[in-house]
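> This structure is in structure tokens; I'll ask about it shortly.
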Amino acid sequence: ANSSVINVSVSKATPTVSLATSASKINYGQSITLTGKVSAGTGLSVKIYNGNTVIDTVTTGAKGSFSKNVTGLDAGTYTFKAVFEGNSNYNSANSINVGVTVNKTTPSLSLTGSNIVYGNNLVLSGTISNGANQTVKIYRGDSLLATVTSGTGGAFSKTLTGLNTGTYVFKAVYDGNSNYNNATSKLRSEEGSAGMPRPISY
């Protein structure tokens, strides 16, 4: 009996790649977690892209799942995707694009001081929550008195001399930057008095 040879080809399968984000909108300073799955299974390398830039290569775990925590994003809009580049059994595959918007954060800004006796110096001090090297303007009424730079922990201060008796209103103003909104402290009223000094509270 004659037998014929049959050629059977097994072609690569094309897997699915999913990707989701823990939040589509966050504030500057917060992080997101990207999670996904490759249907081709465990132990596979997946590249995580931010735009056209690879930010990490992760390995799939149980049931093809993977995750990536993303931190340090500046304010702006980002597009992430996951890419499996294929192997001997599977074709390459991409996830859908996942968009994330990072909004500016509004820092907290405080300004404190105490009443003084005429002839003494007034020390205004404050804190801005976004840390050191921030530029803060100190106003008396609508007049700019000084521009100071915050130090460790966002602390800043300004010493005023030669104040006459009377009531003065001070505020601190931060003009913001690419990641932070502007901020203004609560108004402070400080009195110069011939009597004993007394602390001022909000």
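> What number goes with the only condition from (1) open to solvent by 40 Å² or more (accessible area, probe 1.4 Å); (2) touching a residue at least 24 places away in the same chain (Cβ under 8 Å) that Thr105 does not pass?
For Thr105, the exception is condition (1).
> Determine which single condition Gly176 fails, assuming it passes every other condition in (1) outside any loop (DSSP other than H, G, I, E, B); (2) modelled with pLDDT of 90 or more; (3) of a type in the set (Gly, Ala, Ser).
Failing condition for Gly176: (1).
> Which ones in the range 37-64 are β-branched (Val, Ile, Thr) and either open to solvent by 20 Å² or more (accessible area, probe 1.4 Å) or more than 21 Å from the chain's Cα centre (by Cα) (or both)?
Val38, Thr42, Val46, Thr53, Val54, Ile55, Thr57, Val58, Thr59, Thr60, listed by residue number.
> Continuing with this model, one more query. Test Val83 against the criterion of being farther than 20 Å from Asn179 by Cα and at pLDDT 95 or above, and give yes or no.
When the stated conditions are applied, Val83 passes them.
> Suppose we filter the range 8-27 for residues that are open to solvent by 50 Å² or more (accessible area, probe 1.4 Å), aliphatic (A, V, I, L, M) and closer than 18 Å to Thr42 by Cβ; how many remain?
Counting residues in the range 8-27 that are open to solvent by 50 Å² or more (accessible area, probe 1.4 Å), aliphatic (A, V, I, L, M) and closer than 18 Å to Thr42 by Cβ gives 0.
> Here's a follow-up. May I ask you to list the residues in the range 67-96 that are among the polar types (S, T, N, Q) and part of a strand (DSSP E or B)?
Within the range 67-96, Ser67, Asn69, Thr77, Thr79, Asn94 meet the criteria.
The values are calculated or read from the model by the stated rules, or taken from the named source; none is laboratory data. Predicted model, so just to flag it, every value in this text is computed and none were measured. Methodologically, a virtual Cβ is constructed for each residue, glycine included, from the backbone with ideal geometry; neighbour enumeration extends over all protein chains shown. Heads up: the accessible areas ignore ligands, DNA and RNA and are worked out on the full protein's heavy atoms, side chains in. Shrake-Rupley method; radii C 1.70, N 1.55, O 1.52, S 1.80 Å.
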